[in-house]
Amino acid sequence: QTALRMRLKELAASRVRFGYRRLTVLLRREGWAVNAKRVYRIYKQEGLMIRTKLRKKIARRRPMIVEFANGPNQRWSMDFVAARFEDGRPFRILTVVDQFTRECVALRAKPRLNGTDVAEVMNEAVRERGNPLSITVDNGSEFAGKVMDAWSDIHQVQLAFIRPGKPTENAFIESFNGRLRDECLNTEIFRSMAEVRGKLGAWRYDYNHRRPHS
């Protein structure tokens, strides 16, 4: 029990935004014969609970009907995340996920990102994985401009634009961006763009290959 308690505290210290269920998965991978109830009991005794914000309940509107992917590499989602260096300078991150596997297809960080940057990232992703059928995006100028319009025409990829002011219609990327901010951006200090790219690359690999998913 003491050894388990110590290991749980070590994992919780290194995975500060993981709850007891994901920590249970990590313990089992290491060979510990434990169930979630036992881990939760120790987790609570040691005061390891993560703090979550209470969200206001709002009236639910009928969502847009979308065709869901039924296999990998069919439909992707894409968006931007804003962040800051330690000295307050801003930078942006382009995020791309596979809607079926939830895998992070790409993470690209720069002080500024435009349509040309987005097309370059998409070219790299397509070379690695092939063309998706569609990519769900918002109506930002980086996605709706001439560069991405030409790119989608050349590659025969549909850009599926959500309705203005309806981010929930791109829920896959919204969920991913929340995890990225919660588990990486809010827990790391960034002093340079090289450091940003290095930490994002490490987090992406961990997210795709090690992180327990729901």
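The values are calculated or read from the model by the stated rules, or taken from the named source; none is laboratory data. Because the structure is a prediction, the values reported are computed rather than measured. Quick reminder, even Gly has a Cβ in these numbers, built from the backbone with ideal geometry, and neighbours come from all protein chains shown. Ligands, DNA and RNA are excluded from the accessible area calculation, which covers all protein heavy atoms including side chains. Shrake-Rupley method; radii C 1.70, N 1.55, O 1.52, S 1.80 Å.
List, in order, the whole-Hz ³J(HN,Hα) value for each residue of the range 79-87 obtained from phi through the Karplus relation with A = 6.51, B = -1.76, C = 1.60 and θ = phi - 60°; use x for Gly and Pro.
Coupling constants for the range 79-87: 6, 10, 10, 9, 8, 9, 6, 4, 8 Hz.
Hey, what's the range 99-195 come to in accessible area per residue, 1.4 Å probe, Å²?
53
Put +1 on the Cβ of every Lys and Arg and -1 on every Asp and Glu Cβ in the chain; which of Asn208, Tyr20, Met148 then has its Cα farthest towards the positive end of the dipole?
Of Asn208, Tyr20, Met148, it is Tyr20.
Could you work out the helix-only [θ] at 222 nm for the chain, with each DSSP H run of four or more residues adding -39,500 (n - 2.57) and the total divided by the number of residues, to the nearest 500 deg cm²/dmol? Mind dumping the intermediate values first?
Working: 8 runs with 89 residues, N = 214.
Dividing the helical sum by the residues of the chain leaves -12500 deg cm²/dmol.
Size of the chain along its principal axes in angstrom, Cα-based, largest extent first?
61, 41, 37
Rounded to whole Å and ordered largest first, report the semi-axes of the equivalent ellipsoid of the range 116-211 derived from its Cα gyration tensor (root of 5λ). Show your work: numbers first, answer last.
Numbers: eigenvalues 132, 59, 38 Å².
In descending order, the three semi-axes are 26, 17, 14 Å.
Counting other Cβ atoms within 10 Å, keep those with at most 16, restrict to DSSP loop, and tell me which GluC sites (Glu not before Pro) in the range 115-214 are left.
Answer by residue number: Glu188.
So what is the orientation-averaged projected area of the range 152-203, using the convex hull of its C-alpha atoms, in nm²?
5.7
Charges only on Cβ, +1 for Lys and Arg, -1 for Asp and Glu: so what's the dipole of the chain about the Cα centre, in debye to the nearest 20?
The calculated dipole for the chain is roughly 1500 debye.
For the chain, which whole percent of the accessible surface, found with a 1.4 angstrom probe, sits on carbon and sulfur atoms?
Details: 6670 of 13220 Å².
Percent of accessible area from carbon and sulfur atoms in the chain: 50.
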